[in-house]
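*Asks:* Take a look at the following structure, please.
The values are calculated or read from the model by the stated rules, or taken from the named source; none is laboratory data. Keep in mind that this is a model prediction, so the values were computed, not measured. A quick note on method: Cβ atoms are made from the backbone with ideal geometry, for glycine too, and the neighbour counts reach across all protein chains shown.
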Amino acid sequence: MELIFDVFLICVFAAFFFLSGNISEVTIANDNLGSRGFPRMIAIVAIVLLAFSIAFRIRLLFKQRRSEQQSNEAKIGIAKNLYMRLFAIILLLFFYIVFLKQLGFVLETLLFIYLCLVIMGERNHLRSALFSVAFTALLVIIFGRVFFIALPRGIGFLREVSYYLF
Amino acid sequence: MLLQGLINVFSPMTFLLVVLGTAWGLIAGALPGLSASMAVILMLPFTYGMDGIQSVIVLVAVYVGAMCGGSFSAILLKTPGTPSAVATTFDGYPMAMRGEAAKAIGLSITGSAVGGIISGLIMVSSASILAVWALKFQSAEFFALSLLGLSCIASIGSKYPQKALISALLGLLVSTVGLDAIAGQERFTFGKYYLMNGIDYIPVMIGAYAFAEVYRNILENKGSVKGKATSVKAELIGLKHVIQHWKLYIKSSIIGTVIGIIPAAGGSIAALISYGEAVRSSKHPEEFGNGAEDGVIASEAANNAAVGGSLVPTLVLGIPGGNVAAILLAAFTMHGLIPGPMLLKNQPDMLYSILVGVIVASLLLFIVGKFVSTQFSKITKLPYSYMATIIIVLGLVGAYSLKNNVYDVYIMFGFSFLGYFFEKFHYSTSSFILGIVLGPICENGLRKQLILAGGDWTTFFTRPISLVVILLSIFSFSTPFIRSFLKARRTSC
């Protein structure tokens with residue numbers, strides 16, 4: 001896994017290096033580095049360092065291949081349901097962000113907190129619901145009313161309602 | 001004049017307002033997404049009816065409170081409440097994980113108070129000299145300063161220095177996204193307008209620290225701070241501790257004040273540089289990043305010392321040393337006061353009133369700070385499912401409220417995965433954040449100085465301040481390598 005991550009990182013640095021070629025240059029006297037110079041310099045150093053790191057890891061991998069494989073399998077076996085839980089939270093988070101503008105802060109946060117607690121294993125639904133309402137109300141009061149943060153209001157009917165709240 | 005300052009601050013109404021202002025600052029600072037500048041801005045309308053000196057004293061108290069409050073969420077939730085609490089997260093949270101949250105908060109309060117008081121004293125004793133000296137800081141010195149800040153990466157990731165370096169390089173690269181400040185060219189924006197302003201490090205930090213920690217705890221099916229700390233009441237750090245660590249407190253406070261004076265530097269950079277220096281000079285640099293008490297003291301003393309520092313150019317020259325100082329400048333103007341050399345001449349009690357204000361607000365941190373942190377820390381008593389939900393929602397609001405922009409929330413979400421894998425594979429999230437924070441200063445300083453010097457690279461070594469800071473950076477960067485080399489040699493012998 002670590003090797004894959006290292007390769008991913010080297011790809012990111014390589015992407016930065018090649019994309020920096022698309023940066024249009026403006027001639028400023030004595031600006032030796034220009035707009036692309038700094039990112040390119042950084043990317044090259046990082047790629048060299050990562051290349052060494054990967055070479056070292058491959059060498060190490062040949063030595064420890066069998067033992068690592070066994071321990072990884074064991075870990076995956078133990079944590080399978082926890083991976084599912086994490087995946088569900090990430091998915092929920094993703095939907096929260098995607099629909100934030102449409103559904104507005106209040107409705108989304110109410111739903112998010114309740115569902116998050118249920119996914120995390122909270123069995124008492126009433127307590128989850130009450131906590132969800134109380135914490136959302138607290139956030140709306142602090143951020144919306146006291147600190148005047150322009151929290152997302154949602155669209156249509158939700159927007160109209162939000163004006164009564166903050 | 002000092003007496004006049006005392007009379008100004010200790011008039012019942014002003015004192016009450018200072019207490020309330022400090023509490024307000026602490027609360028706002030503790031909430032992720034509400035910066036010190038926002039806390040001061042929100043207080044500004046309440047000062048319309050006050051006289052000039054009273055309003056400035058109250059606003060300074062808010063500033064002092066907010067700088068300290070940022071550390072509470074950094075320590076308890078691994079989410080810095082304000083940008084200047086970034087470095088506090090490095091050791092504050094590991095301390096909390098060890099069950100020493102109360103001590104970490106106590107150290108943060110003490111560090112903040114000492115930093116604030118020392119910076120106030122420096123401000124009064126040598127404001128004019130320091131303000132003029134700060135103007136000597138130009139591009140070369142800024143570049144050197146960024147190197148000094150970056151030089152501690154080898155120490156932060158002392159177990160895997162190469163990975164820490166790669167992490168910092170990625171941070172530096174991420175900091176180049178957006179419009180190039182010198183040539184105005186778009187870099188890595190893919191034509192998206194929201195990337196033109198660059199990637200803010202607050203959402204990155206919330207994602208890479210707080211969210212990644214939640215992911216990890218879910219996978220490990222365990223509690224966070226809760227598991228070890230049942231009650232988090234800030235531990236009062238006695239004078240004995242301060243005396244025992246007097247060098248660290250004073251050094252960090254001086255670094256914070258000096259960096260605070262430099263226009264556009266600010267509390268977060270002061271804290272990072274002070275942290276780096278604490279790592280360099282420590283006998284146990286390997287403890288940093290794993291819950292070193294000195295790490296919390298260094299960063300908190302420095303970021304609060306930056307309060308007094310940033311007021312120096314504001315008062316003496318009328319040039320704000322940072323965002324909050326710019327707001328204070330507006331407050332001065334609102335009350336018909338024009339900051340600059342004439343202000344101190346016409347109203348000499350102003351400087352002393354601010355000094356007393358800073359000292360009183362710093363001392364109040366022990367009482368008000370303890371109360372606010374105790375209330376805030378109650379969330380750590382909740383079951384982890386509730387606590388994780390609170391961290392996630394506060395993180396979402398924090399990222400969003402920075403610019404009222406949903407794209408910052410996407411950025412936070414994206415970097416949460418990077419933070420998770422960084423931790424998993426022993427990369428250094430702290431070094432990565434250092435790279436993002438210091439990247440713009442590093443690149444702009446380097447390029448601007450080269451332009452000014454006609455492309456001559458030796459310019460960085462011909463300017464005395466720049467040369468000294470660069471040498472210090474090299475020394476700081478190489479110290480852990482030299483230490484480990486000597487240690488290995490000793491063991492082989």
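*Asks:* Restricted to the stretch A:38-53, and to residues that are among the β-branched types (Val, Ile, Thr) and within 7 Å of another protein chain (Cβ to nearest Cβ), which residue is surrounded by the most Cβ atoms within 10 Å (Cβ to Cβ)?
*Replies:* Filtering the stretch A:38-53 for residues that are among the β-branched types (Val, Ile, Thr) and within 7 Å of another protein chain (Cβ to nearest Cβ), the one surrounded by the most Cβ atoms within 10 Å (Cβ to Cβ) comes out as A:Ile42.
*Asks:* Write out, first by first residue and then by second, each pair whose Cβ atoms fall under 8 Å of each other, whose residues are 6+ apart or on separate chains, and whose first residue, in the stretch B:455-470, is under 19 Å from A:Gly37 (Cα atoms) while the second is in a loop (DSSP other than H, G, I, E, B).
*Replies:* B:Gly455/A:Asn30; B:Gly455/A:Asn32; B:Thr459/B:Ala453
*Asks:* Between a residue in the stretch A:2-17 that is in a helix (DSSP H, G or I) and any residue that is aromatic (Phe, Trp, Tyr) and modelled with pLDDT under 95, which pairs come within a Cβ distance under 8 Å, given they are 6 or more apart or on different chains?
*Replies:* A:Glu2/B:Phe425; A:Phe5/B:Phe421; A:Phe5/B:Phe425; A:Asp6/B:Phe425; A:Phe16/B:Phe188
*Asks:* Restricting attention to the stretch A:92-125, and to residues there that are of a type in the set (A, V, I, L, M, F, W, C) and not in a helix (DSSP H, G or I), which single residue is farthest from the other protein chains (Cβ to nearest Cβ)?
*Replies:* Selected residue: A:Phe99.
*Asks:* Might you check whether a residue that is assigned to a loop (DSSP other than H, G, I, E, B), at pLDDT 80 or above and either in contact with a Ser or Thr (Cβ under 7 Å, 6 or more places away or on another chain) or closer than 30 Å to B:Asn444 by Cβ (or both) occurs anywhere in the stretch A:40-50?
*Replies:* no
*Asks:* I've got another one for you. Do you know which residues across the stretch B:472-493 are of a type in the set (S, T, N, Q) and farther than 20 Å from B:Leu148 by Cα?
*Replies:* Residues satisfying the conditions are B:Ser484, B:Thr491, B:Ser492.
*Asks:* Oh, and also: Among B:Val360, B:Val409, which is the only one that is surrounded by 24 or more Cβ atoms within 10 Å (Cβ to Cβ), away from every other protein chain (no Cβ under 14 Å) and aliphatic (A, V, I, L, M)?
*Replies:* Being surrounded by 24 or more Cβ atoms within 10 Å (Cβ to Cβ), away from every other protein chain (no Cβ under 14 Å) and aliphatic (A, V, I, L, M) holds for just one of B:Val360, B:Val409, which is B:Val360.
*Asks:* Got a number for residues in the stretch B:373-391 being crowded, with 22+ Cβ neighbours inside 10 Å and within 7 Å of chain A (Cβ to nearest Cβ)?
*Replies:* 2
*Asks:* Filter the stretch B:422-472 down to the residues that are surrounded by fewer than 17 Cβ atoms within 10 Å (Cβ to Cβ) and away from chain A (no Cβ under 12 Å) and list them by number.
*Replies:* Across the stretch B:422-472, the qualifying residues are B:Thr458, B:Phe461, B:Thr462, B:Pro464, B:Ile465, B:Leu467, B:Val468, B:Leu471.
*Asks:* While we're on this one: Of everything in the stretch B:457-493 that's over 28 Å from the mean Cα position of the chain (by Cα) and aromatic (Phe, Trp, Tyr), which residue is nearest to B:Ile259 (Cα to Cα)?
*Replies:* Restricting to residues being over 28 Å from the mean Cα position of the chain (by Cα) and aromatic (Phe, Trp, Tyr), the top hit is B:Phe461.
*Asks:* Another question, if that's okay. Can you pull out every residue in the stretch A:3-30 that is modelled with pLDDT of 85 or more, of a type in the set (A, V, I, L, M, F, W, C) and surrounded by fewer than 14 Cβ atoms within 10 Å (Cβ to Cβ)?
*Replies:* A:Ile4, A:Val7, A:Phe8, A:Cys11, A:Ala15, A:Phe18, listed by residue number.
Rundown of residues vs (1) farther than 19 Å from B:Phe425 by Cα; (2) small (Gly, Ala, Ser), yes/no style:
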| position | (1), (2) |
| --- | --- |
| A:Leu19 | yes, no |
| A:Ala29 | yes, yes |
| A:Ala46 | no, yes |
| A:Leu50 | no, no |
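*Asks:* Looking at B:Ser37, B:Ser71, which one is of a type in the set (S, T, N, Q), part of a helix (DSSP H, G or I), within 14 Å of another protein chain (Cβ to nearest Cβ) and touching a residue at least 60 places away in the same chain (Cβ under 8 Å)?
*Replies:* Testing whether each residue is of a type in the set (S, T, N, Q), part of a helix (DSSP H, G or I), within 14 Å of another protein chain (Cβ to nearest Cβ) and touching a residue at least 60 places away in the same chain (Cβ under 8 Å) leaves just B:Ser37.
*Asks:* Return the total of residues in the stretch A:126-153 being assigned to a loop (DSSP other than H, G, I, E, B) and either more than 10 Å from chain B (Cβ to nearest Cβ) or within 17 Å of B:Val214 (Cβ to Cβ) (or both).
*Replies:* So the answer is 1.
*Asks:* Mind checking which residues of the stretch B:1-42 are among the aliphatic types (A, V, I, L, M), more than 20 Å from the chain's Cα centre (by Cα) and under 15 Å from B:Val368 (Cβ atoms)?
*Replies:* Of everything in the stretch B:1-42, those that are among the aliphatic types (A, V, I, L, M), more than 20 Å from the chain's Cα centre (by Cα) and under 15 Å from B:Val368 (Cβ atoms) turn out to be B:Leu16, B:Leu17, B:Val18, B:Val19, B:Leu20.
*Asks:* What about B:Ile254, is it touching a residue at least 12 places away in the same chain (Cβ under 8 Å), surrounded by fewer than 24 Cβ atoms within 10 Å (Cβ to Cβ) and not hydroxyl-bearing (Ser, Thr, Tyr)?
*Replies:* Criteria met by B:Ile254.
*Asks:* Among residues belonging to the stretch B:184-198 that are away from every other protein chain (no Cβ under 12 Å) and assigned to a loop (DSSP other than H, G, I, E, B), point out the one that is nearest to B:Glu443 (Cα to Cα).
*Replies:* Of everything passing the filter in the stretch B:184-198, B:Gly198 is nearest to B:Glu443 (Cα to Cα).
*Asks:* Separate question: Conditions: (1) crowded, with 24+ Cβ neighbours inside 10 Å; (2) within 22 Å of the chain's Cα centre (by Cα). B:Lys370 meets all but one. Number of the miss?
*Replies:* (1)
*Asks:* Turning to a different aspect of this structure: Pick out the one residue from B:Val86, B:Val114 that is of a type in the set (A, V, I, L, M, F, W, C), at pLDDT 90 or above and crowded, with 24+ Cβ neighbours inside 10 Å.
*Replies:* B:Val114
*Asks:* Okay, next question. Residue check: is B:Phe475 buried (at least 24 other Cβ atoms within 10 Å of the Cβ), in contact (Cβ under 8 Å) with a residue 60 or more places away in the chain, more than 9 Å from chain A (Cβ to nearest Cβ) and assigned to a helix (DSSP H, G or I)?
*Replies:* The answer is no for B:Phe475.
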